[in-house]
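Here the structure comes first, spelled out in structure tokens, and everything after it is commentary.
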Number of protein chains: 2
Amino acid sequence: MKKATDRDKLEAFQQYDAWVFDLDGTLWKGSTLIPGAKEFIELLRYYNKKVFFVTNNATKSRATNAAKLTAMGINATQAEMYTSSFAAAAYLKAISFNKKAYVIGEEGLVEELTAVGVQCVGGPAHRGVEVDWSQAEPHVEVDPEVGAVVVGLDRYISYYKLQYATLCLANNDSCMFLACNTDARGHFSQAQEWAGAGTMVAALIGSSEREPMLLGKPASFILDHLCATHQVARDKTIVVGDRLDTDILWGIQNGAGTCCVLSGVTSEAQLLAESNKVHPKLYMSDIGDFLTIKNQIPSNCAIM
Amino acid sequence: MKKATDRDKLEAFQQYDAWVFDLDGTLWKGSTLIPGAKEFIELLRYYNKKVFFVTNNATKSRATNAAKLTAMGINATQAEMYTSSFAAAAYLKAISFNKKAYVIGEEGLVEELTAVGVQCVGGPAHRGVEVDWSQAEPHVEVDPEVGAVVVGLDRYISYYKLQYATLCLANNDSCMFLACNTDARGHFSQAQEWAGAGTMVAALIGSSEREPMLLGKPASFILDHLCATHQVARDKTIVVGDRLDTDILWGIQNGAGTCCVLSGVTSEAQLLAESNKVHPKLYMSDIGDFLTIKNQIPSNCAIM
């Protein structure tokens, strides 16, 4: 494996009609755009390519993420934006779920679930609620209409929320267990890594001894939904991302092209290490590297 | 397998010098002694048998547990009492640990660690502490002298604590990861099961992608410590408990005799099910069942 040449990039540009970008570490880092990101997205749009943005982040809604990207200079619509919170909501909608969801997660997750008509219990509404341990028989009362526990990153996780969800999973009739994503850690600030949604999901696996259904990367659901909704073929779709275990694995497992950028969590040494079994089709320093082909693109690349 | 006969019980009484009892579900349920428990312990003591009490509960210290048992009518000393919090402390003492411990857990765990000279960070002292997300660059500052993260049940678990522990495990030089126990659920009240220490341990496995060293049942440490400290042989030791996956498995894996009582979480149907691969040497309804042999014990059973 070696860094993509201009020829590799031109081939990819010609082959793929749908370009699926990860956000953090790929298009931005914290609150700064990766150099060249804006120009490359504009280049794709100039040639009428379809552009999508997919993040495992479950704390913000699609609207919020699209607004952030637009404010940073990359125009993005809500329809082009996929989050793992949206994926959970879209899945429940797809199976005509008509019970309540118990949410371990933040506003963005509740927003997406509510938007598809799912009534939410927990989430921000249970922030700060504690079990009353002073009682002789402490008790957590659970809504029997909860038919799914939906888990994303929750920076206000508590024993009460974990216990509530554990009881739903144990006692509520055929209660589903959905994980927005299982990312171990995320980069919510420049200086340090932060415990990710995988923390909350693992906690509930530990207490319930059940396994969740995963909706975010690297599970197939978002690519299935994206390709079906926007009528694009898998072999005309490429995933561009910085994480081998989510982005690149996701693309490979689902028959899409893959491009790893080294502007996020993966170093060239990690990528090329013999122990690494996840090999992207292309790799480059960052998304801006694509711009070297800007003046070499044949005009027949444009989608009509 | 069939319920223990008087002959089976007499053989066990003669064979075993050290009797290791689980507490919850075996000697007591909530705040009530199991009928016959007091009398059987007294019978063992009358014949000079060594008696020990082992619980995976990490929230209370040995002193507190011994006092509870004594108050309920079964005399117990601190030296006879083993908790998974004590096990974590004894392990750190055994390896001459001289750094600080970051505690996810409650007062009893801090008490045991402090008693062996380990300086504790976190635990109850971090109850209610939250990350300041209003800052442009949120940050959790970690004590670089923390050399072990010790995890037990924490009914005040928070994102701050999980993040603090995750950072220690990721960044502090050769930081150890110790789990008091990995019990999925416990019976802290009669009416419902509660998320156990396994919840907090799993959360940290999820965020750190590391595996902990387990100190409580079914790991060997407590039996190793007990047999060495009190000079009893494994084949002269029997474990009496209600849980197949902790108590009975623990005894089997460590070369001790085993007796399963059906007064706790295990039913006779579960025990005898073909899917169950954990087979105790003896089983009976409850500890009181041993009393049927009270007047048949040969006088040469007594240890001098």
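Below is a table of values for the structure above.
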item	result
Near pairs, Cβ below 6 angstrom, 6+ apart or cross-chain, from the range A:116-136 (touching a residue at least 12 places away in the same chain (Cβ under 8 Å)) to any residue that is open to solvent by 100 Å² or more (accessible area, probe 1.4 Å)	A:116/A:93; A:124/A:107
Boolean, residue B:100 is basic (Lys, Arg) and modelled with pLDDT under 95	no
Enumeration of residues in the range B:198-247 that are within 14 Å of chain A (Cβ to nearest Cβ), among the basic types (Lys, Arg) and closer than 26 Å to residue B:28 by Cα	B:243
Residue pairs meeting the criteria (Cβ under 6 Å; at least 6 apart or on separate chains; first away from chain A (no Cβ under 14 Å), in the range B:137-149; second open to solvent by less than 30 Å² (accessible area, probe 1.4 Å) and in a loop (DSSP other than H, G, I, E, B))	B:146/B:172; B:147/B:175
Verdict on residue B:248 being under 16 Å from the mean Cα position of the chain (by Cα), in the same structural domain as residue B:22 (by TED's automatic domain parsing) and free of Cβ contacts under 8 Å to residues at least 60 places away in the same chain	yes
Residue list for the range A:177-208, filter: more than 22 Å from residue B:132 (Cβ to Cβ) and touching a residue at least 60 places away in the same chain (Cβ under 8 Å)	A:178, A:180, A:181, A:183, A:204
Selection within the range A:185-196 - in contact with a strand residue (DSSP E or B) (Cβ under 8 Å, 6 or more places away or on another chain), open to solvent by less than 50 Å² (accessible area, probe 1.4 Å) and at the interface with another protein chain (Cβ under 9 Å from one of its Cβ atoms)	A:194, A:195, A:196
Among the residues listed as B:236, B:161, the single one being of a type in the set (Lys, Arg) and under 20 Å from residue A:206 (Cβ atoms)	B:161
Residue, farthest from the other protein chains (Cβ to nearest Cβ), within the range A:170-183, restricted to residues that are open to solvent by less than 10 Å² (accessible area, probe 1.4 Å) and aliphatic (A, V, I, L, M)	A:178
Members of the range B:117-162 found to be open to solvent by 30 Å² or more (accessible area, probe 1.4 Å) and within 19 Å of residue B:84 (Cα to Cα), listed by number	B:117, B:119, B:120, B:124, B:155, B:156
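The values are calculated or read from the model by the stated rules, or taken from the named source; none is laboratory data. Since the structure is predicted, the reported quantities are computational estimates derived from the model, not experimental observations. Methodologically, a virtual Cβ is constructed for each residue, glycine included, from the backbone with ideal geometry; neighbour enumeration extends over all protein chains shown. Ligands, DNA and RNA are stripped out before the accessible areas are found, and what is left, the full protein with its side chains, is counted by its heavy atoms. Shrake-Rupley method; radii C 1.70, N 1.55, O 1.52, S 1.80 Å.
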